[in-house]
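Asker: Here it is: the structure, laid out below.
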Amino acid sequence: MAKALEGIRVLDMTHVQSGPSATQLLAWLGADVIKVEAPTGDITRKQLRDLPDVDSLYFTMLNCNKRSITLNTKTERGKELLTELIRRSDVMVENFGPGAVDRMGFPWERIREINPKIVYASIKGFGEGPYTNFKAYEVVAQAMGGSMATTGFEDGPPLATGAQIGDSGTGIHAVAGILAALFQRENTGQGQRVNVAMQHAVLNLCRVKLRDQQRLAHGPLAEYPNEDFGNEVPRSGNASGGGQPGWAVRCAQGGPNDYVYVIVQPVGWQPLSELIGRPELADDPEWASPAARLPKLGKMFQLIEEWTSTLPKWNVLEKLNAHNIPCGPILSTKEIIEDASLVANDMVVEVPHPQRGSFTTVGSPLKLSDSPVHITSSPLLGEHNEEVFVGELGLDGEELAVLRTGGVI
């Protein structure tokens with residue numbers, strides 16, 4: 001069965017996480033992704049290793065379904081080969097520091113000259129302006145994109161989220177831009193530049209907090225559990241921040257993840273009051289309406305927790321779902337990696353690897369009926385040098401050996 005992006009070649013000049021997460025999604029959608037690495041390899045091959053002299057899980061989980069070639073783009077022959085690869089590609093993706101690709105001798109004007117149809121995507125920390133040359137990491141992007149200021153409890157420090165919204169979140173935004181540019185190319189015949197900044201992507205994911213910043217001008221935010229409001233959106237713990245109040249309530253046995261997140265919709269209050277052993281609250285005017293409950297959300301969730309704390313979270317889940325009350329147990333990473341439903345949906349996948357035997361990775365969240373994803377292992381460093389340089393660029397085996405000994409590949 002043909003894949004959605006079959007016939008699209010992606011020149012992957014990315015490293016670490018934000019770029020590789022984008023190109024891996026493109027590979028899962030069927031693109032031929034050629035990962036171009038320096039002869040020393042992507043730095044994450046050696047970072048956070050769990051086995052000596054084997055590519056780390058950091059690398060393997062972000063580079064599945066790709067081919068790897070090595071190329072020293074500081075050499076003249078390396079530049080010539082990169083030029084030929086650009087000429088033969090549909091998409092080029094990079095996440096080097098600002099100006100790094102330009103200094104290689106490949107500014108956008110030169111790339112477009114080599115291949116007018118190429119889509120050239122760049123992932124940077126920040127947009128044009130005073131922050132342009134700042135170094136960006138995952139949590140730096142969270143800090144400057146609005147996430148950390150609004151994550152945590154009111155009396156505590158700003159917190160980073162465990163979700164990699166700065167790196168992988170930016171990668172997903174980059175994929176959207178790349179696909180849009182490829183679609184536009186169908187009409188124009190021309191490629192274009194795609195720029196995505198990590199700070200911008202995090203801000204896009206924090207838009208509801210910007211919504212609430214503007215609402216503050218008209219008074220306190222009633223759905224927040226906070227008592228005091230200044231002139232900026234406060235941290236509000238586990239409050240849902242939406243139209244329906246929610247909170248994480250403790251369950252038995254009291255472990256670090258023995259919690260269930262519960263949303264209290266208007267229609268759910270009557271069955272919920274029955275479950276917690278307080279049926280009289282369903283008709284009590286002090287509790288019966290959302291408007292009556294809103295000023296005492298803390299007390300409401302305390303009453304719910306008095307019930308949930310006597311039951312394991314899976315029992316709570318069963319009882320709440322029986323009444324169609326929105327809820328979800330807090331799943332630990334161990335529970336997630338062992339979750340039968342996630343395995344059945346190919347979201348937790350075991351992948352064979354030539355050196356480590358196998359590894360577990362996150363599967364593709366994009367499910368296309370006519371473009372199924374089969375996840376294959378991340379490539380070894382330079383595994384496809386001969387396949388690409390000899391088989392596709394037409395070099396002979398003798399030159400390949402010279403390039404290798406000369407440090408070009």
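Asker: Collect the residues in the stretch 186-198 that are within 16 Å of residue 95 (Cβ to Cβ) and surrounded by fewer than 18 Cβ atoms within 10 Å (Cβ to Cβ), keeping them in residue-number order.
Answerer: Those that are within 16 Å of residue 95 (Cβ to Cβ) and surrounded by fewer than 18 Cβ atoms within 10 Å (Cβ to Cβ): 193, 195.
Asker: Say we look at the stretch 106-152 and pick out the residues that are of a type in the set (S, T, N, Q) and farther than 16 Å from residue 19 by Cβ; which of these is surrounded by the fewest Cβ atoms within 10 Å (Cβ to Cβ)?
Answerer: Only one residue fits best here, namely 133.
Asker: Only one of 378, 358 is under 21 Å from residue 35 (Cβ atoms), touching a Leu at 6+ places or on another chain (Cβ under 8 Å) and among the polar types (S, T, N, Q). Can you tell me which?
Answerer: Just a single option satisfies the conditions, and that option is 378.
Asker: Between a residue in the stretch 157-185 that is surrounded by fewer than 22 Cβ atoms within 10 Å (Cβ to Cβ) and any residue that is acidic (Asp, Glu) and modelled with pLDDT of 95 or more, which pairs come within a Cβ distance under 6 Å, given they are 6 or more apart or on different chains?
Answerer: If the second residue must be acidic (Asp, Glu) and modelled with pLDDT of 95 or more, the pairs left are 164/138.
Asker: Right, next: Report yes if some residue within the stretch 260-273 is surrounded by 14 or more Cβ atoms within 10 Å (Cβ to Cβ), in contact with a Lys or Arg (Cβ under 6 Å, 6 or more places away or on another chain) and not in a strand (DSSP E or B); otherwise report no.
Answerer: Scanning the stretch 260-273 turns up no residue that is surrounded by 14 or more Cβ atoms within 10 Å (Cβ to Cβ), in contact with a Lys or Arg (Cβ under 6 Å, 6 or more places away or on another chain) and not in a strand (DSSP E or B).
Asker: Every residue in the stretch 73-85 that is more than 18 Å from residue 390 (Cβ to Cβ) and open to solvent by less than 60 Å² (accessible area, probe 1.4 Å), please.
Answerer: Listed by number, the residues that qualify are 73, 75, 79.
Asker: Another question, then. Hey, residue 253 hits all of (1) modelled with pLDDT of 95 or more; (2) closer than 25 Å to residue 330 by Cα; (3) surrounded by fewer than 14 Cβ atoms within 10 Å (Cβ to Cβ) but one; which does it fall short on?
Answerer: Failing condition for residue 253: (1).
Asker: Please find, within the stretch 35-68, the residue that is farthest from residue 380 (Cα to Cα) out of those that are open to solvent by 50 Å² or more (accessible area, probe 1.4 Å) and basic (Lys, Arg).
Answerer: Within the stretch 35-68, the match that is farthest from residue 380 (Cα to Cα) is 49.
Asker: Going by the conditions given, is residue 301 touching an Asp or Glu at 6+ places or on another chain (Cβ under 9 Å), of a type outside the set (Gly, Ala, Ser) and either part of a helix (DSSP H, G or I) or open to solvent by less than 60 Å² (accessible area, probe 1.4 Å) (or both)?
Answerer: Spelling it out, it is not the case that residue 301 is touching an Asp or Glu at 6+ places or on another chain (Cβ under 9 Å), of a type outside the set (Gly, Ala, Ser) and either part of a helix (DSSP H, G or I) or open to solvent by less than 60 Å² (accessible area, probe 1.4 Å) (or both).
Asker: Since residue 324 meets every condition but one in (1) more than 21 Å from residue 83 (Cα to Cα); (2) part of a loop (DSSP other than H, G, I, E, B); (3) under 29 Å from the mean Cα position of the chain (by Cα), which condition does it not meet?
Answerer: (3)
Asker: Does the stretch 280-295 include one or more residues that are within 30 Å of residue 332 (Cα to Cα) and in contact with a helix residue (DSSP H, G or I) (Cβ under 8 Å, 6 or more places away or on another chain)?
Answerer: No, because not a single residue in the stretch 280-295 is within 30 Å of residue 332 (Cα to Cα) and in contact with a helix residue (DSSP H, G or I) (Cβ under 8 Å, 6 or more places away or on another chain).
Asker: If you don't mind, there's one more thing I want to ask. When you look at residue 277, is it within 20 Å of residue 222 (Cβ to Cβ) and either surrounded by 18 or more Cβ atoms within 10 Å (Cβ to Cβ) or modelled with pLDDT of 95 or more (or both), yes or no?
Answerer: In short, no.
Asker: Could you list, in sequence order, the residues of the stretch 297-315 that are aliphatic (A, V, I, L, M), touching a strand residue (DSSP E or B) at 6+ places or on another chain (Cβ under 9 Å) and within 14 Å of residue 277 (Cα to Cα)?
Answerer: If the condition is that a residue be aliphatic (A, V, I, L, M), touching a strand residue (DSSP E or B) at 6+ places or on another chain (Cβ under 9 Å) and within 14 Å of residue 277 (Cα to Cα), then 300, 304, 311 are the ones that fit.
The values are calculated or read from the model by the stated rules, or taken from the named source; none is laboratory data. Owing to the predicted nature of the structure, the values given are computational and were not obtained by experimental measurement. All Cβ positions, even for glycine, are placed from backbone atoms using ideal geometry, and neighbour counts span all protein chains on display. In case anyone asks, the SASA skips ligands and DNA or RNA and just uses the protein heavy atoms, side chains included. Shrake-Rupley method; radii C 1.70, N 1.55, O 1.52, S 1.80 Å.
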